[in-house]
1. Sticking with the crude label model, points 7 Å out along Cα→Cβ, report the distance from residue 140 to residue 97 in nm, one decimal please.
2. Can you list, largest first and rounded to whole Å, the semi-axes you get for segment 135-219 by taking the square root of 5 times each eigenvalue of its Cα gyration tensor?
3. Could you compute the FRET efficiency for residue 230 and residue 79, with r as their C-beta to C-beta distance and R0 at 30 Å, rounded to 0.05?
4. Compute the FRET efficiency between residue 217 and residue 194 as 1/(1 + (r/R0)^6), taking r as their Cβ-Cβ distance and R0 = 30 Å, and round to the nearest 0.05.
5. Need one number: the % of Cα-Cα pairs in segment 98-242 sitting beyond the 27 Å mark.
6. If the label point is 7 Å along Cα→Cβ of residue 89, which residues in segment 102-125 have backbone nitrogen under 18 Å from it?
7. When the label point is put 7 Å from the Cα of residue 34 along its Cα-to-beta-carbon vector, which residues of segment 197-231 have a backbone N closer than 17 Å?
8. Measure out, as a whole number of angstrom, how far apart the alpha-carbon centroids of segment 47-110 and segment 184-227 sit.
Amino acid sequence: MLRNMAVELASMVNHLMRYPSGIGHHWAMTQQARRPLVVLPGLADNTSVFTELKIALEACGAGPVVSFSYSPLVGKVQTAAARLADQIEQLCVISGEQQVDLVGHSLGGLIARYYVQRLGGHTRVETAVTIGTPHGGTIAARLPSPLPLVRQLRPGSDLLTELAGPAPGCTTRFVAYAGDTDQVVLPSRNGLIDHPELDVRNVVVPGAGHLALAVHHQVISEICALFRPRDNVEDIPAQRSA
């Protein structure tokens with residue numbers, strides 16, 4: 001337990017040091033004729049949370065990695081997801097690709113899921129990865145908050161009830177990573193996707209907290225295995241599934 005806390009604290013300090021570099025900074029398309037991989041940070045976070053992942057993805061030939069940003073004042077997940085839909089349409093035109101892939105951390109993963117599941121995004125997204133995303137809500141969101149985005153994360157909210165509804169024809173493959181010591185997604189099992197109609201692989205990462213999960217070697221190596229170009233595919237590392 002103490003070791004897990006120390007790892008999460010170290011991840012938090014490292015992230016705080018990198019956070020200023022991501023303020024107002026976006027990763028845009030830098031090349032064409034390649035499937036874009038869109039990353040979505042969590043609430044009030046920025047691209048800095050994906051620094052290690054971006055380096056690893058570029059090293060294995062995946063991407064280009066493109067970031068999606070939204071303000072905590074955007075209102076609701078539905079609004080952010082609609083803006084994501086617009087950006088993805090633009091990316092498909094620029095890249096010449098018909099599909100993209102998504103990786104979302106925390107609330108970013110929920111925005112990605114809503115787009116795919118409720119706004120027809122499954123036609124544009126082959127694979128969506130979520131990292132430390134409160135798919136089942138989190139009791140931490142029961143604290144008073146002026147932000148609708150936070151209130152939507154309460155277990156049993158209208159948003160989560162909508163996502164629990166039917167998802168006919170959703171062809172996107174989901175991979176959901178949850179840390180069993182996540183201090184934000186409470187209980188930690190709420191970081192897994194529980195939906196009978198979705199193609200989901202749930203992965204529990206032992207000893208990983210909320211920020212540590214985003215830089216965990218297992219998570220990064222498995223995401224690289226998912227998205228590296230097919231002519232550069234190696235064996236996917238062993239996985240721990242829930």
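Quick note: the coordinates plus some simple rules give every number you see, no bench work behind them. This structure is a prediction, so every number in the text was calculated from the model and none was measured. Note: ideal-geometry Cβ built from the backbone for every residue, glycine included; neighbour counts use all protein chains shown.
1. If labels sit at residue 140 and residue 97, their model points lie 3.1 nm apart.
2. Numbers: eigenvalues 86, 83, 17 Å².
Sorted largest first and rounded, they come to 21, 20, 9 Å.
3. On the way: r = 35 Å, r/R0 = 1.18.
Efficiency at R0 = 30 Å is approximately 0.25.
4. Working: r = 27 Å, r/R0 = 0.89.
Computed FRET efficiency for residue 217 and residue 194: 0.65.
5. On the way: 1966 of 10440 pairs.
Value for segment 98-242 (Cα pairs over 27 Å): 19 percent.
6. Correct set: 112, 114-125.
7. So the set is 224-231.
8. 17
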